[in-house]
Amino acid sequence: MQANVLTAFIGNRQEKIKVFPTRKDVKPFRLDSKMLRRAFPFLVASAMVFTACSDGKEQKSENKDIKKDTTEVKAQTPEVTLEQVKWGKIYQQVVKQYGLDGLHDKIPLSVQEINELINTPQDVVPNDSNFNHLPASQENFWEIVKGGIAVVQDIQKDSTLSENIKQMYQQKTIEALSKINKAKWNNKEVDLNSYNTLHAFIFFEKLLKYQDDFEMIFHNKAGWIDEQKEFFGRYYQDHLDFEEQAKNYPGIELFAKALYANTERFIVEAKDSAYANALSNKMFEEWRCAQNISEENVCAYTDAEKSSYVNTTVYNNKRGYLVGISLDIDPKGQIETPDGLDYLPVGLIKMHEMQHILALAAKSYEKPEHNYIASEKSELNDLQGLNDNYVELGPTLYTLVYSDRVYKAINKIDRDSEVDYGVNIQVSNNSVPLGKIANWFGKMMEKYPSKSVDKILQKKEVLEQINAWGIDKHELPLMNMNNFEVSR
Ligand SMILES: [Zn+2]
């Protein structure tokens, strides 16, 4: 219901009607179209900072040394207020946090460009009200971004909103604009594939859709992961690269499917859960720190026996819906399998699901050409796109390696020895012992250290071994057999 009202509003700004029956702090109200269309500058303080940043000789090279720009600001405007310093710092923080000055082939928007965007009256009426979370083109990207800025400009005039809320809108807008990347080789155009750019697109789309519904835009609850979390989609390009390579090895998909489907890979027994949960949580914390994931509330806790959504990541990146993932974990480590409830040490569940989130695109799987299809006509909500078998391979191998380590710790077994679990992964006429797979991938993780599991999977040695385990050995004469190791 609310979505329909807002969609109508976006299509026609003359008829602005706000209906937020669930809001406690804001009563429903109406603003006339003249007020809406009247341009006014917002972020006066930050504008001063940004103008100073891009002043004089630094103007043409503001991207090259952002730290130097900051020094220039301080030198030129010694009497800046605390407010000015605060807004200016947001840009620096985003650039630092997201490593935007360290990207090899990309550059962030400059402070001058951001300054112009936020201070220019954005009198745009977006044509695209489909909210499918994927920019179709440069024009479409800017239409959404500028439309979102217009919303924030309007909000600054809204007398019913508190100063804190207005400030939050301002701050998040600067952050989102700071995340937009351009390719170095074509710095006129935004890099529409960059996960940072996609984060920004989603944010401005949300502004358009939810306007002054603060809760919907800044949705912040335990277990909810959306574009405001830096790690959402961080390695998705690695995953796409892996899928591209894996297509050349027919055995990989077969092996991945057989491994994931085999519920006997949950080798740690529930009777050891007290120790296993504690140890695996320690492993998860180490992994989380190594990944620079600082958020504490990435998981919510749910009872597997009561909730049908436990231990699953729910992908809400459907047209018109909030973009994000709800990560609900059973604190005891229970997981749902086709055979009922099974057990996996709880820290390893978190690690596994988080790996999916790192590799998931912060965008819709719909294609750009679907952008202007009305959502009610679209049959695209059941999204096609990534291959589930490939998506599961990295996190499942990772989970297996760590499960094997937990098992060995419980049973005081040397980390390098191969445990005979009496479980084999069967593909065609190959049968590979689970303990062997765990030891082998553990070695590959050490040999090719990477924070992104899809990068490890792309190593030639890894691709070939998994393919060899997955392919029918009678087909091997067609392939290069020299590097294959087939277990029977
Ligand atoms: Zn999974």
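I'd like the residue in region 403-425 that is surrounded by 17 or more Cβ atoms within 10 Å (Cβ to Cβ) and polar (S, T, N, Q) and, out of all such residues, is nearest to ILE437 (Cα to Cα).
ASN424
Since ILE293 meets every condition but one in (1) under 28 Å from TYR365 (Cα atoms); (2) surrounded by 17 or more Cβ atoms within 10 Å (Cβ to Cβ); (3) of a type outside the set (S, T, N, Q); (4) within 16 Å of the ligand (Cβ to nearest atom), which condition does it not meet?
Failing condition for ILE293: (4).
For region 352-363, give me the residue count where each residue is within 11 Å of the ligand (Cβ to nearest atom) and farther than 13 Å from PHE231 by Cβ.
1
Which numbered condition trips up THR312, out of (1) touching a Phe, Trp or Tyr at 6+ places or on another chain (Cβ under 7 Å); (2) surrounded by fewer than 21 Cβ atoms within 10 Å (Cβ to Cβ); (3) modelled with pLDDT under 90?
So the condition that THR312 fails would be (1).
When the residues of region 426-440 are narrowed to those that are crowded, with 18+ Cβ neighbours inside 10 Å and not in a helix (DSSP H, G or I), which ends up modelled with the highest pLDDT?
Result: VAL432.
Could you list, in sequence order, the residues of region 263-272 that are in a helix (DSSP H, G or I), away from the ligand (no atom under 16 Å from the Cβ) and in contact (Cβ under 8 Å) with a residue 60 or more places away in the chain? I'd like the intermediate steps shown before the answer.
Going residue by residue through region 263-272, those that are in a helix (DSSP H, G or I) are 263-265, 270-272.
Then keep just the ones that are away from the ligand (no atom under 16 Å from the Cβ); that gives 264, 270-272.
Those that are in a helix (DSSP H, G or I), away from the ligand (no atom under 16 Å from the Cβ) and in contact (Cβ under 8 Å) with a residue 60 or more places away in the chain: GLU264, ALA270, ASP272.
Every residue in region 441-468 that is more than 15 Å from LYS408 (Cβ to Cβ), in a helix (DSSP H, G or I) and free of Cβ contacts under 8 Å to residues at least 40 places away in the same chain, please. Let's see the steps before the verdict.
Taking region 441-468 and keeping what is more than 15 Å from LYS408 (Cβ to Cβ), we get 444-468.
Those still in the list that are in a helix (DSSP H, G or I) too: 444-447, 453-457, 460-468.
Result: MET444, GLU446, LYS447, LYS460, GLU461, VAL462, GLN465.
Pick out the one residue from ASP330, ASP339 that is among the acidic types (Asp, Glu) and surrounded by 17 or more Cβ atoms within 10 Å (Cβ to Cβ). Full working, then the answer.
Values: ASP339 fails: surrounded by 17 or more Cβ atoms within 10 Å (Cβ to Cβ).
Going through ASP330, ASP339 in turn, the sole match is ASP330.
Only one residue in TYR260, TYR275 is in contact with a Ser or Thr (Cβ under 7 Å, 6 or more places away or on another chain), more than 30 Å from TYR210 (Cβ to Cβ) and either assigned to a helix (DSSP H, G or I) or not assigned by TED's automatic domain parsing to the domain that holds PHE203 (or both). Which one? Show your work before the answer.
On the way: TYR275 fails: in contact with a Ser or Thr (Cβ under 7 Å, 6 or more places away or on another chain).
The unique qualifying residue is TYR260.
Look through region 296-311, keep the residues that are out of contact with any Asp or Glu (no Cβ under 7 Å at 6 or more places or on another chain) and within 16 Å of the ligand (Cβ to nearest atom), and return whichever of them is farthest from LYS332 (Cα to Cα).
VAL298
Restricting to region 316-351, count the residues that are within 13 Å of the ligand (Cβ to nearest atom) and within 25 Å of TYR235 (Cα to Cα). Don't jump to the end; show me each part of the working.
Keep residues of region 316-351 that are within 13 Å of the ligand (Cβ to nearest atom), which gives 325, 327, 329, 335-337, 344, 348-351.
From what is left, the residues that are within 25 Å of TYR235 (Cα to Cα) are 325, 327, 329, 344, 348-351.
Going through region 316-351 one residue at a time, the tally reaches 8.
Can you name the number of the only condition in (1) within 17 Å of the chain's Cα centre (by Cα); (2) closer than 15 Å to THR399 by Cα; (3) assigned to a loop (DSSP other than H, G, I, E, B) that GLU353 fails?
In the conditions (1) within 17 Å of the chain's Cα centre (by Cα); (2) closer than 15 Å to THR399 by Cα; (3) assigned to a loop (DSSP other than H, G, I, E, B), GLU353 misses (3) alone.
The values are calculated or read from the model by the stated rules, or taken from the named source; none is laboratory data. Everything quoted here is computed from the prediction, not taken from an experiment. FYI the Cβ positions are ideal-geometry reconstructions off the backbone, even for glycines, and counts take in every protein chain you see.
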